[in-house]
Each structure stands twice: as structure tokens, then as C-alpha cells.
Amino acid sequence: MSTYVFDQAWQKERDRLTALQSLYDGASRRLLDGLGLTTGWRCLEVGSGAGGIAIWLADRVGEAGHVLATDLDTRFLDVHGRANLEVRTHNIVSDPLDEAAFDLIHARAVVEHLADREQVVKRLAAALRPGGWLLIEEVDFGGATAGMLVPRQETLGL
Ligand SMILES: C[S@@+](CC[C@H](N)C(=O)[O-])C[C@H]1O[C@@H](n2cnc3c(N)ncnc32)[C@H](O)[C@@H]1O
């Protein structure tokens, strides 16, 4: 069962998610570009929300690339018009996830909501191709937004 605390049926949910994107998409895009994001990459956007980063990633990786956007609730990404963007209703805690499949996995403001977050981070790390990148951005409730970059390395013990 999900431990997500917000009411997803809330009529203002889209506004809330769009506001989040307005605040953080610029910084996220800079971080993602800094990882070398380029055409042909296969990406996973976890908890894609209103879809701003998923759509941006799809445009960045181009026709040769692929973006899988997952969320418990995908209604805000029902219409996007991109052939290389796959949207999937998916619980990152419990639903199947391919291993060694992605060059880049990004999750923002998602992992903080999960009780099993350490297990989820391990699953995400296992879903990376060798040399792939896991970018997790979560709110530091002390103030600023904190970022965690984890290159896939067996030595991390993930
Ligand atoms: C605070 S919103 C962040 C949305 C988006 N990542 C962003 O930063 O704009 C959290 C998102 O995570 C999704 N979510 C929560 N728990 C999830 C889970 N267990 N599996 C997949 N998505 C989840 C929610 O449905 C929601 O869309």
C-alpha cells in the first residue's frame, strides 16, 4: 500500500504539481544537462506528476531515445504527443521494474514520501545500466532543496 500523504483526488492537485514544476524545473534541467544528457538516452522519470520533466527529457533524448514516465496517477500526462514518451501507472515501491535498463533515472519530491525509501533507492540503482545516473532531488525541510547524485557502482553496496 502506498504511504503517499497527499489526496490525489484534490481538485487543485494539478495546480499544486504545476507550481512545483515552476519552482524547480529550471534547477532540475540544469542538473540533468550537467550529467551529459543527450540524444539516444533511455530515461526513467519516477513520480512524474504534471509531466514537465518527462516531456522535457523526451525532447532532449529525441527519436533515438526513450522516456518512461511513471506515477501512481498519470492523468496529467494523458496527452503529450511524443512518440518516445511512454506513460505508465506504476508504484515504484512494489511494481516490477526492469534491471540495467536506463541511462538516467530521475525522481524529484517522490522518495521523501515513501516509507520504504532505502529499498526504493536500491531498486532504482539496480535499474540503471552500468555507468548510468540516478538523480534524486528531495526537499530538505530545513530550508533549501538538496540533491543526491549516485553513479552506479557496485561498491556502493546498493
Ligand atoms: C510532490 S509530487 C512531485 C511530482 C514531480 N516529480 C515533480 O517534482 O514535479 C509526488 C508525485 O509522486 C507520485 N508518487 C507518490 N508515491 C508514489 C509511488 N509509490 N510510486 C510512484 N509515484 C508515486 C505522486 O502521485 C505525485 O505525482
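The values are calculated or read from the model by the stated rules, or taken from the named source; none is laboratory data. Here the structure is a predicted model, which means the values were calculated and not measured. Heads up, the Cβs are rebuilt from the backbone with ideal geometry, glycines too, and the neighbour counts pull from every protein chain shown.
Exactly one residue out of Leu68, Leu72 is on the phi < 0 side of the Ramachandran plot, among the aliphatic types (A, V, I, L, M) and buried (at least 22 other Cβ atoms within 10 Å of the Cβ): that is Leu68. Taking every residue in region 102-121 that is away from the ligand (no atom under 11 Å from the Cβ) and at pLDDT 95 or above and pairing it with any residue that is aliphatic (A, V, I, L, M) and not in a strand (DSSP E or B), at least 6 positions away or on another chain, the pairs with Cβ-Cβ distances below 7 Å are Phe102/Ala127; Leu104/Leu35; Leu104/Leu37; Ile105/Leu124; Ile105/Ala127; Val121/Val111; Val121/Leu158. Of the residues examined, Val61 is one that is away from the ligand (no atom under 12 Å from the Cβ) and in contact with a Ser or Thr (Cβ under 9 Å, 6 or more places away or on another chain). If you go through region 57-66 one residue at a time, do you hit one that is under 16 Å from the mean Cα position of the chain (by Cα), closer than 22 Å to Asp15 by Cα and aliphatic (A, V, I, L, M)? For region 57-66, residues under 16 Å from the mean Cα position of the chain (by Cα), closer than 22 Å to Asp15 by Cα and aliphatic (A, V, I, L, M): present. Pairing each residue of region 60-81 that is closer than 25 Å to Thr39 by Cβ and free of Cβ contacts under 8 Å to residues at least 40 places away in the same chain with any residue that is crowded, with 19+ Cβ neighbours inside 10 Å and of a type in the set (Phe, Trp, Tyr), provided the two are 6+ apart or on different chains, yields C-beta distances under 8 Å for Arg60/Trp41; Val61/Trp41; Gly65/Trp41; Leu68/Phe102. For region 108-120, filtering for residues that are of a type in the set (A, V, I, L, M, F, W, C) and touching a strand residue (DSSP E or B) at 6+ places or on another chain (Cβ under 7 Å) leaves 3.
Checking Glu13, Glu63 one by one, the residue that is surrounded by 13 or more Cβ atoms within 10 Å (Cβ to Cβ) and over 23 Å from Arg123 (Cα atoms) is Glu13 and no other.
Scanning region 59-85 for residues that are at pLDDT below 95 and part of a helix (DSSP H, G or I) gives Arg75, Phe76, Leu77. If you go through region 105-137 and pick out every residue that is crowded, with 19+ Cβ neighbours inside 10 Å, part of a strand (DSSP E or B) and among the small types (Gly, Ala, Ser), you end up with 2. Screening the candidates Thr38, Thr18 for the property of being of a type outside the set (D, E, K, R), over 11 Å from Arg108 (Cβ atoms) and in a loop (DSSP other than H, G, I, E, B) yields one hit, Thr38.
Quick check: is even one residue across region 86-104 of a type in the set (A, V, I, L, M), part of a strand (DSSP E or B) and in contact with a Leu (Cβ under 7 Å, 6 or more places away or on another chain)? Taking every residue of region 86-104 in turn, at least one turns out to be of a type in the set (A, V, I, L, M), part of a strand (DSSP E or B) and in contact with a Leu (Cβ under 7 Å, 6 or more places away or on another chain).
Selection over region 3-39 of residues that are at pLDDT 95 or above and acidic (Asp, Glu) gives a count of 2.
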